[in-house]
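The values are calculated or read from the model by the stated rules, or taken from the named source; none is laboratory data. As the structure is a computational prediction, the values presented were derived from the model and not from experiment. When we count neighbours, we look across all protein chains shown, and the Cβ atoms used for this are built from the backbone with ideal geometry, even at glycine.
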Amino acid sequence: MRKAFVTGATGFIGSHLVRRLLRRRFDVHVLCRVGSSFARLDDVRDRLTVHAVSLDDRAGLRGVMRRVAPDYILHLAAAVMHGGAAAAPADLVRTSLLGTVNLVDACDAVDYACFINTGDAFEYGPARRPLKESRRCRPTTLDGITKLAATLYTQQVARARRKPLVTLRLFSVFGPLDDARRLVPRVVAGARAGTPLLLSQPSIPRDYLYVADVVDLYLAVMRMGACCKGDVLNAGSGRKTTLGELVDMILALTGARSEVRWNAFPVAPHDHEIRVADMTRTWTRVAWRPRTSLQEGLARTIRSVAERR
């Protein structure tokens, strides 16, 4: 049985990835901090092997990797941004950067088939056109800076040690089980409740990708294995959607008549950046395409919210 080792497994994307790996009959090991909530994985927790080791613990990580010897390492743990508010600087540096360095080094003695590091679009910084992986990165947020540093470290290790490491730069992923503080869940909750929607500007552009399609991409890259030594691949739809278009679609799908109050608060500096993926490299190198339209993905998300309630 193939072994997959997942960090960030209890999070939004990680929980979807874990479920898919279990369906594919992987032996799934997850790395979690003591006290992590398994709310998203309660019904499958008994099928997981849980390792309560911190990414700060270099010796503990090396010991776990020697014992498990995974075929695949899927690194999704990060200190993330919610509702425009980033984690504390120390958390970003400790988790997104140093945690990645510790994990990569701990896996050095493991003969793994593929290590996927999870980056994000904040690594690029300001842009006026779709973002290519070859573009020079100039991040303006600490989230983007620490993520970019982690990406550069994985690239250096991949090339110097001939290791199959690849980074997926995620754009705006959405879907069931997302954190309630993030944009799509907040708008869906407000529309269902009929309460006013307090938003910034309708012209803000983003690249939305449904979570099941992201999981498909992880699995497709895993199959490539040794072909990915230091690659960086965008994970987006390649399509621009404004915040106004997104809200209109959610209101239409829910049949809600919530009042939309634009300019209810100032636009965050990073929201002026155009974060839409140029998907040329990913579509050229990986046998993958998003299969879920934005409308269908939002409809599934809304149904999921209704069923959970």
Exercise. Please work out which one of (1) touching a Ser or Thr at 6+ places or on another chain (Cβ under 8 Å); (2) surrounded by fewer than 17 Cβ atoms within 10 Å (Cβ to Cβ) is the condition residue 176 fails and give its number.
Key: (2)
Quiz prompt | Only one of 136, 181, 162 that is among the basic types (Lys, Arg), in contact with a strand residue (DSSP E or B) (Cβ under 8 Å, 6 or more places away or on another chain) and surrounded by fewer than 17 Cβ atoms within 10 Å (Cβ to Cβ) | solution = 181
Quiz prompt | Every residue from the stretch 76-89 that is modelled with pLDDT of 90 or more and within 18 Å of residue 58 (Cα to Cα) | solution = 76, 77
Exercise. Scan the stretch 183-212 residue by residue and report those that are in contact with a helix residue (DSSP H, G or I) (Cβ under 8 Å, 6 or more places away or on another chain) and among the charged types (D, E, K, R).
Key: 192, 206, 207
Exercise. Give me a count of the residues in the stretch 24-54 that are within 26 Å of residue 223 (Cα to Cα) and not charged (D, E, K, R).
Key: 12
Quiz item: In the set 19, 33, which member is in the same structural domain as residue 142 (by TED's automatic domain parsing), basic (Lys, Arg), at pLDDT below 95 and on the phi < 0 side of the Ramachandran plot?
Solution: 33
Exercise. Just name the residue that is farthest from residue 143 (Cα to Cα) out of those in the stretch 252-306 that are among the polar types (S, T, N, Q) and in a loop (DSSP other than H, G, I, E, B).
Key: 258
Quiz item: Within the stretch 277-294, can one find any residue that is basic (Lys, Arg), under 24 Å from residue 126 (Cβ atoms) and buried (at least 17 other Cβ atoms within 10 Å of the Cβ)?
Solution: no
Quiz item: Restricting attention to the stretch 184-210, which residues are crowded, with 22+ Cβ neighbours inside 10 Å and more than 22 Å from residue 271 (Cα to Cα)?
Solution: 191
Quiz prompt | the stretch 24-64: number of residues that are in contact (Cβ under 8 Å) with a residue 24 or more places away in the chain, surrounded by 15 or more Cβ atoms within 10 Å (Cβ to Cβ) and part of a helix (DSSP H, G or I) | solution = 7
Exercise. Tell me which residues, restricted to the stretch 49-65, are hydrophobic (A, V, I, L, M, F, W, C) and in contact with a helix residue (DSSP H, G or I) (Cβ under 7 Å, 6 or more places away or on another chain).
Key: 53, 55, 61, 65
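Residue-wise test of (1) in the same structural domain as residue 131 (by TED's automatic domain parsing); (2) surrounded by 16 or more Cβ atoms within 10 Å (Cβ to Cβ); (3) farther than 15 Å from residue 204 by Cβ.
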residue	(1), (2), (3)
234	yes, yes, yes
243	no, yes, no
246	no, yes, no
265	no, no, no
Quiz item: Which residues, taken from the stretch 92-109, are surrounded by 18 or more Cβ atoms within 10 Å (Cβ to Cβ) and not in a helix (DSSP H, G or I)?
Solution: 107
